[in-house]
Amino acid sequence: MEAVDLHRRLADFGQVAGEVLRDVQDVTEQQIRHWIVNPFLEALGWDPHDKHQVFLDFHPTGRKETVDYALLDAEGKPKLFFDVRDRTASVTELGPIGDRAKESSVPLILLTNGRAFSLWFVGPEEAASPLFVLSLEELSNNAEGLVGLTAEYRLSETGIQQLRRSALRLAVLQMLEENAEKTFDALVSWVQGQVAPGALDDVTEQAIRDATMLWLTEEHLTLPPFSPPDGKRAADLRVTTPRDWEPFPRGPPGTFQYKYDTAKILDLRQGAKEVREQLRVQGLKTPTATSFGGFYHALRARAGLSGK
C-alpha cells in the first residue's frame, strides 16, 4: 500500500471515527473496539475477522490475562499486541502489557483509548520505547510513517524496521526544528543523546543520520547565509493540511484556495518542488517535512491529477 493510499484510507477512517466520538460521549471499551479499532485495522489492510491475521483476546503463554488483539505475521506468530483502554486512560504509559510483550518476544505494542494512539517498540534487551503518539486527527497526516504497519508487511522484520526508521526520523525532524545552527556531526551527536543515549543499533543510527540530512536539506535555505529574500524561516510558517484547501472556483482544475485566506492559491498541476515553494512563499508548511508527499498527492488525487 502506497503512502497516498494509506493517507486517504486513514482520512476516511478518521472522519467516521470522529463523528462516532462526537455522537457517543461515554463510549465504552467494547464500543471502541467495534467502532474505532476494527475500522482502524481495516484501514491498514488487516481483516479483524480473520483469525490467521488478527487474534482477539489472545492468551500469552504463562499468563492468566489476555491481550485485546494480537496481530500475527505470515507464519502465525504474534508480532504486535494491541491494548484497548478506557476513553479517559493514558496511552503514554505502557503498564503491564509491556511485560507481557517482552515475555512473549513480541516487538510491537499499540495502545489506544479511541482518541489517541501510541506505538511502542520492545527490544530484546532494552526497555520499551514509544515510536509515536498520535491523535485520531493526526493519523492520516502521518501515513508515510505508518506504511510499515499495513497488512502488506504482515509485521515482518522489514516492516518493523521501516516503522522504527519512520518514527525515529519524525522525532529527529521535530527536534531539529529548534537546532538549526549546528554542524551535521554535532547535530547527529546531539540527537543521539536525546533519542537513544548509549550504544546504538544500525537501524537507530542510520535513521538519525537520514533524518538529520533530510532536515538539513529541507532547511538549508533558511540558514545564514542562505536565507531567502522574504526572510521566512520554517519556524515562522503556519501548518496546513489538505483539509484546509478547497477547489478554486474561478481557476482551472487542479488549483486550490486556502479556506482561511482566499488570496492564497496553490496550483497542483505543477511539480512537488514548485508546490512546496508556493506554500512557503505564502507562509505555510505541512506538519513535518516527511508529510508533504501525502499533502501533495492527496490534493492531486482530489483534483483527478494523481494518474497524470
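In segment 276-295, of all residues being over 16 Å from the mean Cα position of the chain (by Cα) and touching a residue at least 24 places away in the same chain (Cβ under 8 Å), the one that is surrounded by the fewest Cβ atoms within 10 Å (Cβ to Cβ) corresponds to 281.
Could you tell me whether residue 102 is out of contact with any helix residue (DSSP H, G or I) (no Cβ under 7 Å at 6 or more places or on another chain), assigned to a helix (DSSP H, G or I) and surrounded by 16 or more Cβ atoms within 10 Å (Cβ to Cβ)?
On the way: out of contact with any helix residue (DSSP H, G or I) (no Cβ under 7 Å at 6 or more places or on another chain): yes; assigned to a helix (DSSP H, G or I): yes; surrounded by 16 or more Cβ atoms within 10 Å (Cβ to Cβ): yes.
Yes; evaluated as a whole, the condition is true for this residue.
The lone criterion from (1) surrounded by 13 or more Cβ atoms within 10 Å (Cβ to Cβ); (2) within 22 Å of the chain's Cα centre (by Cα); (3) not aliphatic (A, V, I, L, M) left unmet by residue 55 is number (2).
Confirm whether residue 264 is modelled with pLDDT under 85, surrounded by 14 or more Cβ atoms within 10 Å (Cβ to Cβ) and of a type in the set (D, E, K, R).
No, not satisfied.
Return a yes/no flag: does segment 103-121 have any residue that is in the same structural domain as residue 14 (by TED's automatic domain parsing), more than 21 Å from residue 73 (Cβ to Cβ), without any contact (Cβ under 8 Å) to a residue 12 or more places away in the chain and not basic (Lys, Arg). No: segment 103-121 contains no residue that is in the same structural domain as residue 14 (by TED's automatic domain parsing), more than 21 Å from residue 73 (Cβ to Cβ), without any contact (Cβ under 8 Å) to a residue 12 or more places away in the chain and not basic (Lys, Arg).
Tell me, yes or no, whether segment 116-126 has at least one residue that is in contact with a strand residue (DSSP E or B) (Cβ under 9 Å, 6 or more places away or on another chain), of a type in the set (Ser, Thr, Tyr), more than 23 Å from residue 204 (Cα to Cα) and not in a loop (DSSP other than H, G, I, E, B).
Checked segment 116-126: no residue is in contact with a strand residue (DSSP E or B) (Cβ under 9 Å, 6 or more places away or on another chain), of a type in the set (Ser, Thr, Tyr), more than 23 Å from residue 204 (Cα to Cα) and not in a loop (DSSP other than H, G, I, E, B).
Restricting the search to strands (runs of 3 or more DSSP E) fully inside segment 32-92 and requiring at least 1 residues that are hydroxyl-bearing (Ser, Thr, Tyr) gives 67-72.
The values are calculated or read from the model by the stated rules, or taken from the named source; none is laboratory data. All of these numbers come straight from a predicted model, not from anything done at the bench. Using ideal geometry, Cβ is built from the backbone for each residue, glycine included, and neighbour counts are taken over all protein chains shown.
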